[in-house]
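One structure is given below, encoded as structure tokens.
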Amino acid sequence: MIPKVDRVLEWEAVRALLANHPRELVLKAVRLVLDRLRSGARAGGLSDAAFGEAAVCAEVARELRLLIQPSLKRVINGSGIVIHTNLGRSILPEAAREALNTIAFSYSNLEFNLDDGVRGSRYSHVEALLCELTGAEAAIVVNNNAAAVLLTLSAMAAGREAVVSRGELVEIGGSFRIPEVMKLSGVTLKEVGTTNRTHAKDYLGAVNENTAVFLKVHCSNFAVLGFTKEVTAEEMVELGRQADVPVLADMGSGNLVDLSNRLPCPEPTVQDFVRAGVDVITFSGDKLLGGPQAGIIVGKKPFIEAMKKHQLLRALRMDKLTLASLEATLALYRDEMVALKEVPTLRMLTATLPELTARAKKIAGRLRHRTPDAVNFKLSEGFSQAGGGTLPLLNLPTMLIEVAVEGLTPNDIEARLRGMEIPVIGRINKNAFLLDPRTLQDADLDDLAAALSALAS
Ligand SMILES: *Cc1c(COP(=O)(O)O)cnc(C)c1O
């Protein structure tokens, strides 16, 4: 009963597909469907209709859709993890949309100085803005923070020693390890102190004629609690002055807004470190800053100038789309209240329990209205996380939406939602499937309702 490939290619619905898609792809889809029919027939239990023109054509069309769909696609983040590295870290502010749209589809003055009509530098575009926002003398932006650390160490310490506390030899997810990056930049790591306690005298004791920098690394994704002692940025600057050694800080998340009265676990701001006199500071564009993937370096002019001339820079350079969206994101930080409202990462992180409760009620109400009776919603208090290796101790109170579907386990719900055309990512806790309104976007609700309705059928 299994139709021959040639015959399937003659059927009208498949001929219509051939008119719009490469023959090889349609053929591949047909073969996949027929192979499946063959194994189904062997296993038994297929109805006669499954071998008919209508059923086969529908399957071929579905298979073709799967073959041509992009690999990188939008997902709905119901996990409550705001800076979810696996889901693309930060989503960009609306202001970046227009900037991207303009710069992506037009020529631009990327490396053209419009005042003098001569070649310009792509690095000049956000430098003034970064200096204005952070108080630094100079700035440069590269591909990501890992690249920023690599460039900084290469330009300031290659062939020499960098002094780092044993409590700050961090590994960030995706195999970024401070000792490895050092090796790669040709810098010798001089470890001082212990895992839990490092003192000022440890830094000074490590200084010799080959010492190039003191490096401070932000413990982004872990915390050491108990009997601890850390040398602060201010103290390190003072030590650097005494020993005539510049101080670098890899801040990791690098936020520009003081969140101490909004979050129980505040991070120092980049401005704090600049004010303290740290010579060079690096941080990510897509963590707490809430912009595109980028590595931002701010600091004293002579150091940044050396980086601008460094050979590595060409290999680490950012592209114009990053530049366009970064400039638009940074511009929002000129007014802190605007940034808190317009930068999605900041907005989601600082959303309060009463706000999220109201939001959970609204979303659950609308979903109840638009899904079959077999899908049930219940609200329960819980916690969201910042994610992205930032604020590891922070549990943000939220109001969760528990989704139950008759006849499905929480694991079934999780797997099916993840397999949807627009995947929905939630989480399972204590045998319940949960969606967190903190990371659900208004624009997600129609597709979320459609996905949940499909679960019941
Ligand atoms: C995240 C992080 C990095 C890596 O930044 P990317 O932008 O992901 O390359 C480096 N150092 C610290 C301390 C970090 O937190």
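Data table
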| quantity | calculated |
| --- | --- |
| Rounded tilt (10° steps) of 233-243 against the dominant C-alpha axis of the chain | 40 degrees |
| Which of THR352, THR357, THR345 is most accessible, then next, and so on - probe 1.4 Å | THR352, THR357, THR345 |
| Extension reserve of the GLN311-ARG366 stretch, reckoned as 0.36 nm per residue once the Cα distance is removed | 14.2 nm |
| Estimated inter-spin distance, LYS320 and ARG275, nm [label 7 Å along Cα→Cβ] | 3.9 nm |
| FRET efficiency, ASN429 to LEU169 (Cβ-Cβ, R0 41 Å, nearest 0.05) | 0.80 |
| The chain: angle of helix 145-157 to the longest principal axis, Cα-based, in degrees nearest 10 | 30 degrees |
| Of all accessible heavy-atom area on the chain, the percent that carbon and sulfur account for (1.4 Å) | 52 percent |
| Spatially proximal lysines relative to LYS28 (Cα-Cα < 27 Å; intrachain offsets below 8 disregarded) | LYS4, LYS73 |
| For the range 5-68, average projected area of the Cα convex hull in nm² | 4.0 nm² |
| Value of [θ]222 nm, deg cm²/dmol, for the chain, DSSP H segments ≥ 4, -39500 (n - 2.57) each, nearest 500 | -12500 deg cm²/dmol |
| Per-residue ³J(HN,Hα) for the range 344-352, Karplus 6.51 cos²θ - 1.76 cosθ + 1.60, θ = phi - 60°, Hz, x for Gly and Pro | x, 4, 5, 4, 5, 5, 9, 4, 8 |
| For CYS57, solvent-accessible area (1.4 Å; no DNA, RNA or ligand), Å² | 10 Å² |
| Helix 94-104 axis, angle to the chain major axis (alpha carbon atoms, nearest 10°) | 90 degrees |
| Under 23 Å from LYS201, Cα to Cα: lysines that are on another chain or at least 8 residues apart | LYS190, LYS216, LYS229 |
| Accessible surface, per residue, of the range 94-342 when the full set of protein chains is kept, probe 1.4 Å, Å² | 46 Å² |
| Solvent-free Debye scattering, log10 I(q)/I(0), computed from the Cα coordinates of the range 94-342 at q = 0.13, 0.16, 0.18 Å⁻¹ | -0.80, -1.18, -1.46 |
| Under 18 Å from LYS309, Cα to Cα: lysines that are on another chain or at least 8 residues apart | LYS300, LYS301 |
| ALA249 long-range amide H proximity, modeled H, under 5 Å | LYS216, VAL280, ILE281, THR282 |
| Global form of the chain, assessed from the alpha-carbon gyration tensor, a/c cut-off 1.5 | prolate |
| Dipole of the chain [Lys/Arg +1, Asp/Glu -1 at C-beta], most positive-end residue of PHE383, ALA324, LEU256 | PHE383 |
| Distant-in-sequence amide H partners of LEU400 (H built 1.01 Å from N, under 5 Å) | SER380, GLU381, GLY382 |
| Counting DSSP beta bridges with both ends in the range 94-342, the antiparallel % (nearest 5) | 45 percent |
| Nitroxide proxy distance, nm - points 7 Å out along Cα→Cβ at SER380 and SER71 | 3.8 nm |
| Pair ASP258, ASP35: separation of 7 Å Cα→Cβ label points (nm) | 6.2 nm |
| Restricting the range 425-457 to trypsin sites (Lys or Arg not before Pro) in coil, as DSSP defines it, with at most 10 other Cβ within 10 Å | LYS430 |
| Summed side-chain charge close to LYS341 - residues other than LYS341 whose Cβ falls under 15 Å, Lys, Arg +1, Asp, Glu -1 | -3 |
| Additional length obtainable on full extension of the chain from ASN20 to PHE51, 0.36 nm per residue less Cα span | 8.7 nm |
| Cα gyration tensor shape for the range 156-202, rounded if a/c is under 1.5, else prolate or oblate | oblate |
| Antiparallel bridge percentage (DSSP; both residues within the chain; nearest 5) | 60 percent |
| Stretch gain in nm, segment THR357-PHE227, where the contour uses 0.36 nm per residue and the Cα spacing is subtracted | 43.0 nm |
| Cα gyration tensor shape of the range 316-408, rounded if a/c is under 1.5, else prolate or oblate by comparing a/b with b/c | prolate |
| Which of LEU356, LEU34, GLN271, positive extreme of dipole for the chain (C-beta unit charges) | LEU34 |
| Neighbour cut-off at most 12 other Cβ (10 Å), DSSP loop, trypsin sites (Lys or Arg not before Pro), the range 1-55 | LYS4 |
| DSSP-assigned coil residues among chymotrypsin sites (Phe, Trp or Tyr not before Pro) in the range 66-144, each with at most 14 further Cβ atoms within 10 Å | PHE105, TYR107 |
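The values are calculated or read from the model by the stated rules, or taken from the named source; none is laboratory data. Because the structure is predicted, anything quoted here is derived from the model rather than measured. In this analysis, Cβ positions are derived from the backbone assuming ideal geometry, glycine residues included, and neighbour counts consider all displayed protein chains. Ligands, DNA and RNA are stripped out before the accessible areas are found, and what is left, the full protein with its side chains, is counted by its heavy atoms. Shrake-Rupley method; radii C 1.70, N 1.55, O 1.52, S 1.80 Å.
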